[in-house]
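Engineer: Supplied in structure tokens, the structure appears directly below.
The values are calculated or read from the model by the stated rules, or taken from the named source; none is laboratory data. Quick caveat, the model's predicted, so the values are computed rather than measured. Note that we place each Cβ from the backbone using ideal geometry, even for glycine, and neighbour counts take in every protein chain shown.
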Amino acid sequence: MDAELILHDLNAAQRAAVNAPLTNLLILAGAGSGKTRVLVHRIAWLITQAQVAPLSILAVTFTNKAAKEMRERIADLLTTPAHGMWVGTFHGLAHRLLRAHWQAAQLPETFQIIDSDDQYRLLRRIMRGLEIDEEKWPIKRVQWFINGKKDEGLRAAHIESFGRLDIQVMLRIYEAYEQACALAGLVDFAEILLRCHELLRDNTELLQYYQRRFQHILVDEFQDTNTIQYAWLRLLTGQDSKIWVVGDDDQSIYGWRGAKIENIQRFSQDFADTQVIRLEQNYRSTATILSAANALIAQNAERLGKDLWTDSAQGELISVYAAFNEIDEARFIVDTIKTQHRQGMPRNHIALLYRSNAQSRILEETLLQAGVPYRVYGGQRFFERAEIKDGLAYLRLLVNRHDDAAFERVINTPTRGIGERTLLELREHARTQQVSLWQASIDLTGAKQFAARASNAVVAFLQLIDSLDNDSKNLTLHQQTQYVLRHSGLFEHVLKEKSQTAQNRLENLEELINATQHFHHLSEERSSPLVAFLAHTALESGEGDASSEDEECVQLMTLHTAKGLEFPLVFICGMEEGLFPSKMALEEMGRLEEERRLLYVGMTRAMQKLYLCYAECRRLHGSEIYNRASRFIAELPKDLLQEVRLKNQVVRPLQTTHYHHRAPPAMPAVLQGTGFKVGQRVNHRSFGEGVIVDAEGQGEHTRVQVRFKQHGSKWLVLQLAKLEALV
DNA sequence: AACACCGCGTTTTTT
DNA sequence: ACGCGGTGTT
């Protein structure tokens, strides 16, 4: 293949990234600078120009969607699929290694993956067994702790409590959880990465084999790597291997789930002779949108620094709409969409972005009323639905009887007369004897521990699973799934429910059977089709609902979900203090920059036209709150903005000062009759002098946010705070 | 074992 | 406001 074919439509920087010599490379790629394109072209260049064998290439992404897209685009470019190349997510690839080397990884051959819901239930069971107070130690927090530690590469044994009781309790649970998972042959998402890291670290020959094999490691969205992922990459990159990563520190929006932006900064030190290439030409947005985004992100400190520029036209100003409330905001957006659509803008070129999912509701209602088709991204995924997980649990028990998560799920689904008492005894026996629930059932029914009725019910369940297994052993995956589900009693169980969703659940179960028909697992993998299918359901939880995919729909999603996508017309909704930046982020120091990056991501999704909307008053969690416009609006150059009203009339050029100093929109009802108002200077007995900057709630529930000269911002209940008004 | 009621939490999401 | 999970009632 001709090199020109791979390089001809690339700019100089892109070209440099694609045909760079074989060294370690860090590509800092700004939004819309052709990041994925460069990655795909690099791989094609390696194969066709540098004569690199596909077998020695490892390409890593974060999502299955990105992996799939990459595979397809490489095949397109090469006009043939590159066999032998490993392209996948961190989890997918690590899982593959664990399956191939399950013995060395000290896992049972049929180990199963649990999702965070399974993990939660398992933790709940363990904590109850240990009699730990869930009020005091919320399961969610324990889960957060354990996953956080695993992401840092730490097992319970590695963690020092320094005599702190809270950490000691967490560690006790962590240890018990590790044991329970080992016993049941279960592996959670974080464990996949951690276990794989340990596998390679502790097996020198294996490590050397893969280090020699993967001469070229390429990583997408590098700014999102966490500690263990980074350690995994370092381990796998051998003496002679080269690592090529692409990322953008300005688009790092997953710090809250462990992503370490520092990994980009460390990269050049940790990998010798790293070349750095910046991709700064943006091909997506108008000059106006890009300048505004640049101005915004410039307010962040500690950037690696990039200056995005574009050849494209100035384009329209960014429109800012100040709505009275969220209803008005939605109406404005829907009206504008209708106008734009009438003028030829396809609906699927329009995106509505918001900070939190709760905001989608009113937008959906308004779109529905107006008869505008829309699609909401990020609902529950197919394989995470309760009835699907029930069905999968039967299959999991066939593969591994000791899978406690699956056992708990279906021991009484459908109900088969096994009561809470019986279950408690099973759990207790399992815990004290260190056996699975399945083994506990065998032990206790054999020992005649239970009343005859309970014992019979448990034995019947054991026999059901055994016979489902026996009778379906020689069937194909599809036939087997069909057989197991039909005989599990799940269909009858769902049918008995008289809810409106029952029909839907039945269809979902049918769809699960259907899914097995379309599942083809790679023949190079040694595991059975069923084991592979089960792993697939955990690792790729399903692509949302495909039904509305082909229709021309307005796209609704959170700002996080929008990363990596682009749309000609973008609305960013709910640009209010407390909402975006979110209240949570404001209360915690140092989290504002990530919020700013999130808006940067949102703004740079827009190709032609961007709207920023906010509501002066919004109904949230039942009560009305009054928010000021987001500080981020004031951070944008005012000559790039215009304030609009319905029908897109420009009301007046937008003054930045408008956001800094203006009085709140009318007098918020919440403060009426209290003698206080937003902007009021006040004195507090212990905090001293300050200014009321915000208020919410009504009557005796009225709370005000006061920015104190000495003590920072605090929310106070007005009635209790005994504030003294100052002139 | 099904149903009613209470109380809590409610930023962002992938695997 | 609203949904979910957990508990208590029939």
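Engineer: Could you look through region A:126-167, keep only residues that are at pLDDT 90 or above and of a type in the set (S, T, N, Q), and pick out the one that is nearest to A:L424 (Cα to Cα)?
Structural biologist: A:Q143
Engineer: Then there is this: Sort out which residues of region A:375-391 are under 23 Å from the mean Cα position of the chain (by Cα) and either assigned to a helix (DSSP H, G or I) or polar (S, T, N, Q) (or both), and write them in order of number. Before the answer, list the steps.
Structural biologist: Quick first cut of region A:375-391, residues under 23 Å from the mean Cα position of the chain (by Cα) only: A:375-389.
A:Q380, A:F382, A:F383, A:E384, A:A386, A:E387, A:I388, A:K389, listed by residue number.
Engineer: Among what's in region A:352-373 and is in contact with a helix residue (DSSP H, G or I) (Cβ under 9 Å, 6 or more places away or on another chain) and either assigned to a strand (DSSP E or B) or polar (S, T, N, Q) (or both), pick the residue that is farthest from DNA strand C (Cβ to nearest atom).
Structural biologist: A:L353
Engineer: Quick one: in region A:108-126, of everything that is away from DNA strand C (no atom under 16 Å from the Cβ) and within 16 Å of A:F533 (Cα to Cα), which residue is surrounded by the fewest Cβ atoms within 10 Å (Cβ to Cβ)? Let's see the steps before the verdict.
Structural biologist: As a first pass, look at region A:108-126 and keep what is away from DNA strand C (no atom under 16 Å from the Cβ): A:108-113.
In the following step, the residues that additionally are within 16 Å of A:F533 (Cα to Cα) were identified as A:109-113.
Numbers: A:E109: 14, A:T110: 20, A:F111: 27, A:Q112: 25, A:I113: 21.
In this case the residue turns out to be A:E109.
Engineer: Select from region A:301-322 the residues that are surrounded by fewer than 13 Cβ atoms within 10 Å (Cβ to Cβ), in contact with a helix residue (DSSP H, G or I) (Cβ under 8 Å, 6 or more places away or on another chain) and among the small types (G, A, S) and list them in ascending order.
Structural biologist: Within region A:301-322, A:A301, A:A313 qualify.
Engineer: Now for a separate question. Residues A:E576, A:E588: which one is without any contact (Cβ under 8 Å) to a residue 60 or more places away in the chain and in contact with a strand residue (DSSP E or B) (Cβ under 6 Å, 6 or more places away or on another chain)?
Structural biologist: Working: A:E588 fails: in contact with a strand residue (DSSP E or B) (Cβ under 6 Å, 6 or more places away or on another chain).
Going through A:E576, A:E588 in turn, the sole match is A:E576.
Engineer: Filter region A:431-456 down to residues that are in contact with a Phe, Trp or Tyr (Cβ under 9 Å, 6 or more places away or on another chain) and assigned to a helix (DSSP H, G or I), then give me how many there are. Reasoning before the result, please.
Structural biologist: To start, the set of residues in region A:431-456 that are in contact with a Phe, Trp or Tyr (Cβ under 9 Å, 6 or more places away or on another chain) comprises A:436-438, A:441, A:444, A:456.
Checking which are assigned to a helix (DSSP H, G or I) leaves us with A:437-438, A:441, A:444, A:456.
Number satisfying all stated conditions: 5.
Engineer: Do we have any residue at all in region A:39-49 that's assigned to a helix (DSSP H, G or I) and of a type in the set (S, T, N, Q)? Let's see the steps before the verdict.
Structural biologist: Step one: list which residues in region A:39-49 are assigned to a helix (DSSP H, G or I), which gives A:39-48.
Of the ones still in play, those that are also of a type in the set (S, T, N, Q) are A:48.
Looking through region A:39-49, at least one residue is assigned to a helix (DSSP H, G or I) and of a type in the set (S, T, N, Q).
Engineer: What's the total number of residues in region A:221-253 that are buried (at least 20 other Cβ atoms within 10 Å of the Cβ) and farther than 15 Å from A:G153 by Cβ?
Structural biologist: Result for region A:221-253: 18.
Engineer: Out of region A:89-116, which residues are free of Cβ contacts under 8 Å to residues at least 40 places away in the same chain and of a type in the set (F, W, Y)?
Structural biologist: Within region A:89-116, A:W102 is the sole residue that qualifies.
Engineer: Moving on to the next point. If A:I167 satisfies all but one of (1) in a helix (DSSP H, G or I); (2) farther than 29 Å from A:P138 by Cα, what's the number of the condition it fails?
Structural biologist: Failed condition: (2).
Engineer: Say we look at region A:556-572 and pick out the residues that are of a type in the set (V, I, T) and crowded, with 18+ Cβ neighbours inside 10 Å; which of these is nearest to DNA strand C (Cβ to nearest atom)? Lay out the reasoning, then the answer.
Structural biologist: First, pick out the residues of region A:556-572 that are of a type in the set (V, I, T): A:558, A:561, A:570, A:572.
Among the residues that remain, those that are also crowded, with 18+ Cβ neighbours inside 10 Å are: A:558, A:570, A:572.
Numbers: A:T558: 18, A:V570: 27, A:I572: 23 Å.
Per the stated criteria, the residue is A:T558.
Listed here are the residues, each with its yes/no results for (1) under 15 Å from A:G391 (Cα atoms); (2) polar (S, T, N, Q); (3) within 38 Å of the chain's Cα centre (by Cα).
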site	(1), (2), (3)
A:V458	no, no, no
A:L468	yes, no, yes
A:N474	no, yes, no
A:Q479	yes, yes, yes
A:Y483	yes, no, yes
A:F491	yes, no, yes
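Engineer: Now for a separate question. It is to be established whether one or more residues within region A:447-454 are within 13 Å of DNA strand B (Cβ to nearest atom), more than 20 Å from A:E387 (Cβ to Cβ) and surrounded by fewer than 13 Cβ atoms within 10 Å (Cβ to Cβ). Write out each step before concluding.
Structural biologist: Keep residues of region A:447-454 that are within 13 Å of DNA strand B (Cβ to nearest atom), which gives A:453-454.
From what's left, more than 20 Å from A:E387 (Cβ to Cβ): A:453-454.
Cutting the leftovers down to surrounded by fewer than 13 Cβ atoms within 10 Å (Cβ to Cβ) gives us A:453.
Yes - at least one qualifying residue is present in region A:447-454.
Engineer: Kindly indicate which of A:L186, A:L200 is more than 16 Å from DNA strand B (Cβ to nearest atom), touching a Phe, Trp or Tyr at 6+ places or on another chain (Cβ under 9 Å), at pLDDT 95 or above and not β-branched (V, I, T). Step through it out loud before you land on a result.
Structural biologist: Details: A:L186 fails: more than 16 Å from DNA strand B (Cβ to nearest atom).
Result of the check over A:L186, A:L200: A:L200.
Engineer: Which one is farthest from DNA strand C (Cβ to nearest atom), of the residues in region A:403-430 that are over 23 Å from A:D117 (Cα atoms) and part of a helix (DSSP H, G or I)?
Structural biologist: The selected residue is A:H429.
Engineer: I need the full set of residues from region A:303-349 which are among the aromatic types (F, W, Y), outside any helix (DSSP H, G or I) and over 17 Å from A:A606 (Cα atoms), in order please. It would help to see each step written out before you state the result.
Structural biologist: So the first thing to find is which residues in region A:303-349 are among the aromatic types (F, W, Y), and the list is A:309, A:321, A:324, A:332.
Among the residues that remain, those that are also outside any helix (DSSP H, G or I) are: A:309, A:321, A:324.
Of everything in region A:303-349, just one residue is among the aromatic types (F, W, Y), outside any helix (DSSP H, G or I) and over 17 Å from A:A606 (Cα atoms), namely A:F324.
Engineer: Same structure, new question: Find all pairs meeting these conditions: Cβ atoms under 7 angstrom apart; at least six residues apart or on different chains; first residue within region A:474-488 and in a helix (DSSP H, G or I); second residue of a type outside the set (F, W, Y) and loosely packed, with under 15 Cβ neighbours inside 10 Å.
Structural biologist: A:H478/A:Q517; A:Y483/A:D471; A:Y483/A:L475
Engineer: Which one is surrounded by the most Cβ atoms within 10 Å (Cβ to Cβ) among residues in region A:127-137 that are assigned to a helix (DSSP H, G or I) and not hydrophobic (A, V, I, L, M, F, W, C)? Steps first, please.
Structural biologist: The initial filter retains those residues of region A:127-137 that are assigned to a helix (DSSP H, G or I), namely A:127-129.
If we keep only those that are not hydrophobic (A, V, I, L, M, F, W, C) too, we end up with A:128-129.
Values: A:R128: 14, A:G129: 16.
Out of the qualifying residues, it is A:G129.
Engineer: For region A:138-161, enumerate the residues that are in a loop (DSSP other than H, G, I, E, B), buried (at least 16 other Cβ atoms within 10 Å of the Cβ) and either within 14 Å of DNA strand C (Cβ to nearest atom) or in contact (Cβ under 8 Å) with a residue 60 or more places away in the chain (or both).
Structural biologist: If the condition is that a residue be in a loop (DSSP other than H, G, I, E, B), buried (at least 16 other Cβ atoms within 10 Å of the Cβ) and either within 14 Å of DNA strand C (Cβ to nearest atom) or in contact (Cβ under 8 Å) with a residue 60 or more places away in the chain (or both), then A:E152, A:G153 are the ones that fit.
Engineer: Here's something else I'd like to know. Looking only at region A:588-643, how many residues end up being over 25 Å from the mean Cα position of the chain (by Cα), assigned to a loop (DSSP other than H, G, I, E, B) and within 16 Å of DNA strand C (Cβ to nearest atom)?
Structural biologist: The qualifying residues number 1.
Engineer: Could I ask something else about it? Which of the residues belonging to region A:285-300 are outside any helix (DSSP H, G or I) and in contact with a helix residue (DSSP H, G or I) (Cβ under 6 Å, 6 or more places away or on another chain)?
Structural biologist: Here is the first cut: in region A:285-300, the ones outside any helix (DSSP H, G or I) are A:285-286, A:298-300.
Scanning region A:285-300 gives a single hit, A:N300.
Engineer: I need the full set of residues from region A:70-95 which are within 16 Å of DNA strand B (Cβ to nearest atom) and either surrounded by 17 or more Cβ atoms within 10 Å (Cβ to Cβ) or of a type in the set (S, T, N, Q) (or both), in order please.
Structural biologist: Once the filter is applied, which keeps residues that are within 16 Å of DNA strand B (Cβ to nearest atom) and either surrounded by 17 or more Cβ atoms within 10 Å (Cβ to Cβ) or of a type in the set (S, T, N, Q) (or both), region A:70-95 yields A:M70, A:R71, A:W86, A:V87, A:G88, A:T89, A:F90, A:H91, A:G92, A:L93, A:A94, A:H95.
Engineer: Looking for whichever is touching a Cys at 6+ places or on another chain (Cβ under 7 Å) and either under 14 Å from A:E178 (Cα atoms) or within 14 Å of DNA strand B (Cβ to nearest atom) (or both) here; the options are A:L107, A:L123, A:L154, A:L98. Which one fits?
Structural biologist: Working: A:L107 fails: touching a Cys at 6+ places or on another chain (Cβ under 7 Å); A:L123 fails: touching a Cys at 6+ places or on another chain (Cβ under 7 Å); A:L154 fails: touching a Cys at 6+ places or on another chain (Cβ under 7 Å).
Residue meeting the stated conditions: A:L98.
Engineer: Name the residue, out of A:A180, A:A105, that is in contact with a Leu (Cβ under 7 Å, 6 or more places away or on another chain), crowded, with 20+ Cβ neighbours inside 10 Å and in a loop (DSSP other than H, G, I, E, B).
Structural biologist: Values: A:A180 fails: in a loop (DSSP other than H, G, I, E, B).
That would be A:A105, the only listed residue that is in contact with a Leu (Cβ under 7 Å, 6 or more places away or on another chain), crowded, with 20+ Cβ neighbours inside 10 Å and in a loop (DSSP other than H, G, I, E, B).
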